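J.: Here it is, the structure in full.
The values are calculated or read from the model by the stated rules, or taken from the named source; none is laboratory data. Note that the structure is a prediction, hence the values are computed from the model and not measured. Note that each Cβ is placed from the backbone with ideal geometry, even for glycine, and that neighbours are counted across all protein chains shown.
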């Protein structure tokens, strides 16, 4: 197996300069980036199609990044390090994990502070950019095939990661790479690598997901809110309930869920609690069956987003999304 690494720069705080921060043009930034790369490794630098603030990233940007990785795989690269902004780093990691699976080795990283000083003529005196990048470059040739996220001297399984602090260097939590994923977090059998084609970009731009985190309001007001969606429903409605998936419903709410499904909207029940996951007994509870809604079996909220995106691209109809949601190994 080749130890050659493809380093792909996508933007983010890592490559910003000035005060207030703004991206350095990549034509100027990449030569400066190359100067701090370890000499003992064979690293080729690339830029993504879109260099942007990660808060502006959408599914199309990550699909284009996956397509770039797949094209580089055909050129002989097997190890990839991605520099990405931290705002949506967990989402990027989860999407790459769902779509690439174990076809190669990928580690995403970023930084809370820029690599360069305000003037952009030298490395910043205090920065986590170099440590995070070096950790990713060191580990990408050592880990087993798959997608990971490296931050603050830690390497996590990409599908499990959550950003837990806005400014601290130790900003992410997840399952460490040297611990196997729990069984219910294993990628399902149907989730094999998906070869990205240009037609996927336009379709991804049409995907509409609405995410509601429950707050303590009456069932009547919750029903009123759901009714508003019947006029122009999203493709997927994610409801973050309490605890292990507790949601207070009645016959009216269940009927609205069924009407949403009839209008090609799949409702997915999950929890707003970041750790511990859903109690999977909910997936077989009677009201869930009556309402014809789905339950979340993913490793994180970002992984749920990635699963929705992939199944949306794999199957053309809402009923197929519902039918294939729990596909797994026999």
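J.: As an exercise: evaluate residue 278 against (1) surrounded by fewer than 15 Cβ atoms within 10 Å (Cβ to Cβ); (2) modelled with pLDDT under 95 and give the number of the one condition it does not meet.
T.: All conditions pass for residue 278, except number (1).
J.: What number of residues within the stretch 28-38 satisfy the criterion of being closer than 15 Å to residue 116 by Cβ and part of a loop (DSSP other than H, G, I, E, B)? Steps first, please.
T.: Of all residues in the stretch 28-38, those closer than 15 Å to residue 116 by Cβ come to 28-37.
In the following step, the residues that additionally are part of a loop (DSSP other than H, G, I, E, B) were identified as 36-37.
Of the residues in that region, 2 qualify.
J.: Specify the residue that is farthest from residue 252 (Cα to Cα); the eligible residues are those in the stretch 217-237 that are assigned to a helix (DSSP H, G or I) and in contact with a helix residue (DSSP H, G or I) (Cβ under 9 Å, 6 or more places away or on another chain).
T.: For the stretch 217-237, the residue satisfying everything is 229.
J.: Also, I was wondering about something else. Counting only residues that are touching a strand residue (DSSP E or B) at 6+ places or on another chain (Cβ under 6 Å) and assigned to a helix (DSSP H, G or I), which one in the stretch 283-312 is modelled with the highest pLDDT?
T.: Filtering first and then ranking leaves 308.
J.: Considering the stretch 176-191 alone, what residues qualify as being closer than 30 Å to residue 315 by Cα and either loosely packed, with under 11 Cβ neighbours inside 10 Å or at pLDDT 85 or above (or both)?
T.: First pass over the stretch 176-191, keeping only residues closer than 30 Å to residue 315 by Cα: 180-191.
Answer for the stretch 176-191, where residues must be closer than 30 Å to residue 315 by Cα and either loosely packed, with under 11 Cβ neighbours inside 10 Å or at pLDDT 85 or above (or both): 180, 183, 189.
J.: Just checking, which of 127, 167, 144, 160 is touching a residue at least 12 places away in the same chain (Cβ under 8 Å), out of contact with any helix residue (DSSP H, G or I) (no Cβ under 6 Å at 6 or more places or on another chain) and closer than 22 Å to residue 4 by Cα? Working first, answer last.
T.: Numbers: 127 fails: closer than 22 Å to residue 4 by Cα; 167 fails: closer than 22 Å to residue 4 by Cα; 160 fails: closer than 22 Å to residue 4 by Cα.
On inspection, the qualifying residue turns out to be 144.
J.: Is it true that residue 82 is touching a residue at least 12 places away in the same chain (Cβ under 8 Å), in contact with a strand residue (DSSP E or B) (Cβ under 7 Å, 6 or more places away or on another chain) and over 22 Å from residue 310 (Cβ atoms)?
T.: Details: touching a residue at least 12 places away in the same chain (Cβ under 8 Å): yes; in contact with a strand residue (DSSP E or B) (Cβ under 7 Å, 6 or more places away or on another chain): yes; over 22 Å from residue 310 (Cβ atoms): no.
Answer is no for this residue.
J.: Please go through the stretch 248-270 and pick out each residue that is touching a residue at least 60 places away in the same chain (Cβ under 8 Å) and part of a strand (DSSP E or B). Steps first, answer last, please.
T.: Taking the stretch 248-270 first, the residues touching a residue at least 60 places away in the same chain (Cβ under 8 Å) are 261.
Of everything in the stretch 248-270, nothing turns out to be touching a residue at least 60 places away in the same chain (Cβ under 8 Å) and part of a strand (DSSP E or B).
J.: Which ones in the stretch 313-330 are in contact (Cβ under 8 Å) with a residue 40 or more places away in the chain, over 20 Å from the mean Cα position of the chain (by Cα), over 16 Å from residue 234 (Cα atoms) and part of a helix (DSSP H, G or I)?
T.: Correct list: 324 only.
J.: Okay, moving on. Please count how many residues of the stretch 30-51 are under 24 Å from residue 62 (Cβ atoms) and free of Cβ contacts under 8 Å to residues at least 24 places away in the same chain.
T.: As a first pass, look at the stretch 30-51 and keep what is under 24 Å from residue 62 (Cβ atoms): 30, 33, 43-51.
Going one step further and asking which of them are free of Cβ contacts under 8 Å to residues at least 24 places away in the same chain, we end up with 30, 49.
The total comes to 2.
J.: Condition (residue is in a strand (DSSP E or B), in contact (Cβ under 8 Å) with a residue 24 or more places away in the chain and surrounded by 23 or more Cβ atoms within 10 Å (Cβ to Cβ)) applied to the stretch 19-27: is it met by at least one residue? Lay out the reasoning, then the answer.
T.: Filtering the stretch 19-27 for residues in a strand (DSSP E or B) gives 22-23.
Remaining after also requiring in contact (Cβ under 8 Å) with a residue 24 or more places away in the chain: 23.
From what is left, the residues that are surrounded by 23 or more Cβ atoms within 10 Å (Cβ to Cβ) are none.
No, because not a single residue in the stretch 19-27 is in a strand (DSSP E or B), in contact (Cβ under 8 Å) with a residue 24 or more places away in the chain and surrounded by 23 or more Cβ atoms within 10 Å (Cβ to Cβ).
J.: Taking residue 157 as the residue in question, decide whether it is within 18 Å of the chain's Cα centre (by Cα) and either under 23 Å from residue 110 (Cβ atoms) or not assigned by TED's automatic domain parsing to the domain that holds residue 246 (or both).
T.: Details: within 18 Å of the chain's Cα centre (by Cα): yes; either under 23 Å from residue 110 (Cβ atoms) or not assigned by TED's automatic domain parsing to the domain that holds residue 246 (or both): yes.
Here the answer is yes, as residue 157 does meet what is asked.
J.: Of these, 162, 108, which one is within 24 Å of residue 298 (Cα to Cα), buried (at least 23 other Cβ atoms within 10 Å of the Cβ) and touching a strand residue (DSSP E or B) at 6+ places or on another chain (Cβ under 8 Å)? Working first, answer last.
T.: Details: 162 fails: buried (at least 23 other Cβ atoms within 10 Å of the Cβ).
Unique residue meeting the criteria: 108.
J.: Is it the case, given these coordinates, that residue 88 is modelled with pLDDT of 95 or more, within 22 Å of residue 275 (Cβ to Cβ) and either under 17 Å from the mean Cα position of the chain (by Cα) or buried (at least 17 other Cβ atoms within 10 Å of the Cβ) (or both)?
T.: yes
J.: Now for a different question. Residues that are over 19 Å from residue 13 (Cβ atoms): which helices (runs of 4 or more DSSP H) entirely in the stretch 39-151 hold 3 or more of them?
T.: On the way: elements: 59-74, 89-100, 129-139.
In the stretch 39-151, the matching helices (runs of 4 or more DSSP H) lie at 59-74, 89-100.
J.: Another question about this same structure. What number of residues in the stretch 43-60 are within 12 Å of the chain's Cα centre (by Cα) and surrounded by 19 or more Cβ atoms within 10 Å (Cβ to Cβ)?
T.: Residues in the stretch 43-60 being within 12 Å of the chain's Cα centre (by Cα) and surrounded by 19 or more Cβ atoms within 10 Å (Cβ to Cβ): 3 in total.
J.: For the structure I just gave you, tell me whether residue 155 is assigned to a strand (DSSP E or B), closer than 16 Å to residue 66 by Cα, in contact (Cβ under 8 Å) with a residue 24 or more places away in the chain and in contact with a helix residue (DSSP H, G or I) (Cβ under 6 Å, 6 or more places away or on another chain).
T.: Values: assigned to a strand (DSSP E or B): yes; closer than 16 Å to residue 66 by Cα: no; in contact (Cβ under 8 Å) with a residue 24 or more places away in the chain: yes; in contact with a helix residue (DSSP H, G or I) (Cβ under 6 Å, 6 or more places away or on another chain): yes.
Here the answer is no, as residue 155 does not meet what is asked.
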